[in-house]
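Notes to accompany the following structure.
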Amino acid sequence: MKSEKLKVVRGSGNVFRDLGHKNADAEQLADDPEIWLAELKKISADTQFMKERRQPKTPKRTVSK
């Protein structure tokens, strides 16, 4: 059996970046929930942001008995 020499290259820690994806950081966040949650915790609960979201109000619903 003939052995081959392998070249070892250290990756960046983000496989998507190493493969040349243009949204590598976003894909990495979605792929690793621990990183995603850590980034999410950095966002403060800014009330001004909540006012500017332009999300429609929740419709009123009646509950039947």
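The values are calculated or read from the model by the stated rules, or taken from the named source; none is laboratory data. Just so it is clear, the structure is predicted and the values come from calculations on it, not from any experiment. Don't worry about glycine lacking a Cβ; one is built from the backbone with ideal geometry, like all the others, and counts go over all protein chains shown.
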Query raised in the report: Of the residues that sit in the stretch 36-58 and are assigned to a loop (DSSP other than H, G, I, E, B) and of a type in the set (Asp, Glu), which one is modelled with the lowest pLDDT?
Result: Asp46
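Which residues, taken from the stretch 20-35, are assigned to a helix (DSSP H, G or I) and at pLDDT below 75?
Looking only at the stretch 20-35, we keep the residues that are assigned to a helix (DSSP H, G or I), and these are 24-31, 33-35.
Selection gives Ala26, Glu27, Gln28, Leu29, Ala30, Asp31.
Is it true that some residue in the stretch 1-13 is surrounded by 10 or more Cβ atoms within 10 Å (Cβ to Cβ) and either at pLDDT below 75 or not in a loop (DSSP other than H, G, I, E, B) (or both)?
no
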